[in-house]
Each structure stands twice: as C-alpha cells, then as structure tokens.
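Peer 1: Just passing along the structure, written as structure tokens.
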Amino acid sequence: MTYAAVVLDNDGVLTELPKRETMWRAAERTFQSFDLSAPSGEQVRALVAGNVEAIRTLCAEHRIDAGTFCYEAAAHAVREQKREMRDGLRTLYDDASTLWDLNARLGLVSDNQHETIRFILRFFGIEERFDAVYGNPYTPEGLRRMKPDPHYLDAALDDLGTRDALYVGDSAVDIEAAANAGVDSALVVRDDEVPECEPTHRIESLGELSALV
Ligand SMILES: [Mg+2]
C-alpha cells in the first residue's frame with residue numbers, strides 16, 4: 001500500500017502535547033481579560049477542547065460576544081504555547097526528522113490554533129517541508145469544524161491535489177476525521193494509552209511511515 005501524500009496531526013504526533021499548566025494559564029488570562037472569576041476545571045477543559053456550545057453558554061451568561069471571547073482565548077493560547085516552546089518545555093518528537101526523507105507530499109491538519117501551528121513549523125525550521133497547513137482559526141465557525149469534521153482535512157487534500165493520502169493522528173477523532181474524508185489513517189501510539197478506534201495502520205514511531213508510502 002502506498003500513498004502520494006501524508007497529512008499529520010500536530011499535538012501528540014509532530015510535537016509533544018501542550019502542558020496542562022500552559023493551557024490553564026491561557027484560560028485564566030482569558031477569563032481575567034473579561035473580568036470573570038477564575039475558570040473552573042470544566043470551563044478550562046471546554047476552552048481547550050474548543051467546545052463551542054459551552055463557550056456560547058458562558059458568553060451568553062456574561063453578555064460577551066462569542067467571537068470576541070474566542071479571539072481573546074486564541075490569543076492567550078497562542079502566546080502561552082509560543083512561550084513553552086521558546087522555553088524548551090515542549091518540542092518536536094525525535095522521529096519527526098524521518099519526515100524529511102519521506103517519499104510523499106506532506107500536509108498538517110490540527111485543531112490547535114492556526115497561528116500556533118504556523119509558529120511551530122517556523123520555530124522548528126520545518127515549514128518548507130509542508131505543502132498544506134491548516135490549524136483551526138478558533139472562531140465560533142472554525143470550532144464547529146473541529147475533527148471529526150473533515151473540513152480542514154478536505155481542504156488540505158484539495159491543496160495537495162490527491163485523495164491517495166494517509167492521515168496520521170494520535171486520537172480517535174483523527175481516525176474518525178480520516179474516515180469522514182474517505183482516506184486511510186495511521187494511529188501513532190506513543191505510550192500505554194491506546195485510544196479505542198479502528199485505524200488502517202497502527203505505528204509506534206513516525207519512522208514507520210517510510211514503509212507505508
Ligand atoms: Mg493530537
């Protein structure tokens with residue numbers, strides 16, 4: 001089985017996941033900027049997950065425009081994630097280096113903010129390797145199109161000009177998004193926690209992709 005293109009998820013696939021404290025700080029700063037009391041665990045999770053219904057409910061309760069709130073939340077999340085990468089607290093996985101020699105065009109599709117994704121590619125000097133890059137714009141409309149919605153994966157595949165593609169992710173929603181876009185999937189299992197899903201392939205390292213393309 002070979003593929004003309006490989007599209008990757010970012011968090012947990014290309015780079016380590018953001019630290020819990022990083023996303024907490026971003027949520028706290030967002031709440032502070034609207035003079036709201038400190039967020040609850042549930043509210044932080046809703047913000048990190050981009051749960052648009054929970055965000056809309058919160059905004060309606062406090063008479064805040066949801067678009068303005070999302071913009072502010074994204075700005076803080078981008079700033080805090082840039083900081084953790086500059087501080088060396090979060091980095092690329094070592095096996096990302098194997099992507100350079102992979103015989104396929106590459107794309108990146110993540111539910112992380114688009115600005116964070118662009119920063120990551122520039123910061124680690126791998127921007128030129130990717131021909132299609134989509135993070136989430138983190139607007140109320142963008143959040144509705146998070147995975148498993150295939151919207152941004154479809155857009156990347158259109159840019160790459162092929163459906164002969166493999167989507168590589170670390171979560172059940174990634175595998176679902178691939179199925180929704182009608183392409184094969186590879187689940188990267190980096191630790192003992194194996195999400196329940198049915199990917200086309202299971203791999204433990206990005207180095208195994210060379211045998212698939
Ligand atoms: Mg992920």
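The values are calculated or read from the model by the stated rules, or taken from the named source; none is laboratory data. Note that this is a predicted model, so its numbers are computed, not measured. Please note: Cβ atoms are built from the backbone with ideal geometry, for glycine as well, and neighbour counts cover all protein chains shown. Heavy atoms of the whole protein, side chains included, go into the accessibility calculation; ligands, DNA and RNA do not. Shrake-Rupley method; radii C 1.70, N 1.55, O 1.52, S 1.80 Å.
Peer 1: Taking just the alpha carbons, could you work out the radius of gyration and Dmax for the stretch 20-86, both in angstroms?
Peer 2: Radius of gyration, then largest Cα-Cα span, for the stretch 20-86: 11.1, 36 Å.
Peer 1: Using Cα pairs under 8 angstrom and six or more residues apart, how large is the relative contact order of the stretch 1-99, in percent? Walk me through the numbers before you get to the answer.
Peer 2: Details: 65 pairs, mean separation 39.1, N = 99.
Averaging sequence separation for qualifying contacts and normalising by length gives 39 percent for the stretch 1-99.
Peer 1: Okay, moving on. Evaluate E = 1/(1 + (r/R0)^6) for Trp100 and Asp191, where r is the Cβ-Cβ distance and R0 equals 22 Å; express this FRET efficiency to the nearest 0.05.
Peer 2: Numbers: r = 25 Å, r/R0 = 1.12.
For R0 = 22 Å, the calculated efficiency reads 0.35.
Peer 1: May I have the pair-distance distribution P(r) for the stretch 51-176, computed from all Cα-Cα distances with 10 Å bins from 0 and rounded to whole percent?
Peer 2: Going out from 0 Å in 10 Å bins, the stretch 51-176 shows 11, 37, 36, 14, 3, 0 percent.
Peer 1: Take the Cα atoms of the chain, build their convex hull, and give its volume per residue in Å³.
Peer 2: Numbers: hull volume 24.2 nm³, N = 213.
In the chain, the Cα hull volume divided by residue count equals 113 Å³.
Peer 1: Report the residue, chosen from Leu108, Leu47, Leu89, that carries the largest GNM mean-square fluctuation when the chain is represented by alpha-carbon nodes joined by springs under 10 Å.
Peer 2: Fluctuation is largest for Leu89.
Peer 1: Here's another thing I want to ask about it. When a/c is below 1.5 the answer is rounded, else prolate if a/b is larger than b/c, else oblate, so apply that to the stretch 97-162 with a ≥ b ≥ c taken from the square roots of the Cα gyration tensor eigenvalues.
Peer 2: Details: a/c = 2.70, a/b = 1.42, b/c = 1.91.
Since a/c reaches 1.5 but b/c is at least a/b, the shape of the stretch 97-162 is classed as oblate.
Peer 1: Can you give the accessible area per residue of the stretch 20-86, in Å², using a 1.4 Å probe?
Peer 2: Values: 3740 Å² over 67 residues.
Each residue of the stretch 20-86 exposes 56 Å² on average to a 1.4 Å probe.
Peer 1: Let me ask something else. Between Ala172 and Glu42, what is the spin-label point distance in nm, taking each point 7 Å from the Cα along the Cα→C-beta axis?
Peer 2: It works out to 2.1 nm between the two label points.
Peer 1: If I compute solvent accessible area with a 1.4 Å probe over the protein chains, what percent of it on the chain is carbon and sulfur? All intermediate terms of the calculation are to be shown ahead of the outcome.
Peer 2: Working: 4660 of 10340 Å².
Taking all protein chains in place, the chain shows 45 percent carbon and sulfur surface.
Peer 1: Considering amide H positions built from the backbone, and no H for Pro or chain starts, which residues 5 or more places from Leu8, or on another chain, come under 5 Å of its amide H?
Peer 2: Amide H neighbours of Leu8, under 5 Å, 5+ apart: Gly107, Leu108, Val109, Val168.
Peer 1: Which trypsin sites (Lys or Arg not before Pro) in the stretch 1-64 pass both tests, a DSSP loop state and at most 15 other beta-carbon atoms within 10 Å? Intermediate values should be presented prior to the final figure.
Peer 2: Values: sites: Lys19, Arg20, Arg25, Arg29, Arg45, Arg56, Arg63; in loops: Lys19, Arg63.
Taking the stretch 1-64 and a limit of 15 other Cβ atoms within 10 Å, the loop trypsin sites (Lys or Arg not before Pro) found are Lys19, Arg63.
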